[in-house]
Amino acid sequence: MSHTTAWTHSLETPIGTMGAAFDGEGYLIRLDFLMEGRPANWAEPQSKREEQAFGFLKAQMDAYFRGSLRTFNVPHKAAGTEFQKRVWAELECIPFGRTISYLELAKRLGNPQCIRAAGRANGANPISVLIPCHRVIGSDGSLVGYGGGLPRKQALLELEGALPKHEAGPYGWV
């Protein structure tokens, strides 16, 4: 994930604070969990359109975490290579409440041999949750590889019903 884009907004969620950044047209270009101890690069919002776009994102994220939204329609543009964009488009095809393995992701891209490249592209996803990289798991069902931390990945998958909720889950969810 590129860390050169400055955050323009902070979004509180039940599983941690996220930073959001928009382009001048109001498209979401970055959304990720802010990690404790890691400095964040902040900039002022640039337009009224950006403020409106953030309000729309916040409303959808709030609905998602309440369990009343399964599909996002926040306008977004993820910058990356053509291969990364293919991977991210495939991630958006994974339905709410479902998971696939990294191998399945590579197969969906038409080349099971590109499993590592697909994994790297998944990890470079600049728009967490909306482009659901958390829905990709190990072939053995293990929760592996999430930039926001495995407890958050577990919480997102539990929220979506892809994993059974554990008593007092990682963020106190039951």
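Summary table
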| read-out | value |
| --- | --- |
| Test: residue 74 is outside the structural domain of residue 13 (by TED's automatic domain parsing), at pLDDT 95 or above and at positive phi | no |
| Residues of segment 7-44 satisfying the condition of being in a loop (DSSP other than H, G, I, E, B) and surrounded by 15 or more Cβ atoms within 10 Å (Cβ to Cβ) | 8, 15, 23, 26, 27, 34 |
| Unmet requirement for residue 96, which otherwise passes all of (1) assigned by TED's automatic domain parsing to the domain that holds residue 142; (2) under 20 Å from residue 124 (Cα atoms); (3) under 14 Å from the mean Cα position of the chain (by Cα) | (2) |
| One residue from 52, 60 being polar (S, T, N, Q), assigned to a helix (DSSP H, G or I) and closer than 18 Å to residue 132 by Cα | 60 |
| Unique match (being of a type in the set (Gly, Ala, Ser), farther than 17 Å from residue 128 by Cβ and under 18 Å from the mean Cα position of the chain (by Cα)) among 47, 10, 101 | 101 |
| Enumeration of residues in segment 126-147 that are within 12 Å of the chain's Cα centre (by Cα) and in a loop (DSSP other than H, G, I, E, B) | 126, 128, 129, 130, 131, 132, 146, 147 |
| Every residue from segment 44-86 that is closer than 20 Å to residue 156 by Cα and among the aliphatic types (A, V, I, L, M) | 57, 59, 61, 63, 69, 74 |
| Residue ID - surrounded by the most Cβ atoms within 10 Å (Cβ to Cβ), chosen from residues in segment 95-118 that are part of a loop (DSSP other than H, G, I, E, B) and of a type in the set (Gly, Ala, Ser) | 97 |
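The values are calculated or read from the model by the stated rules, or taken from the named source; none is laboratory data. In this text, all values refer to a predicted model and were calculated from it rather than measured experimentally. Virtual Cβ from ideal backbone geometry, glycine too; neighbours counted across all protein chains shown.
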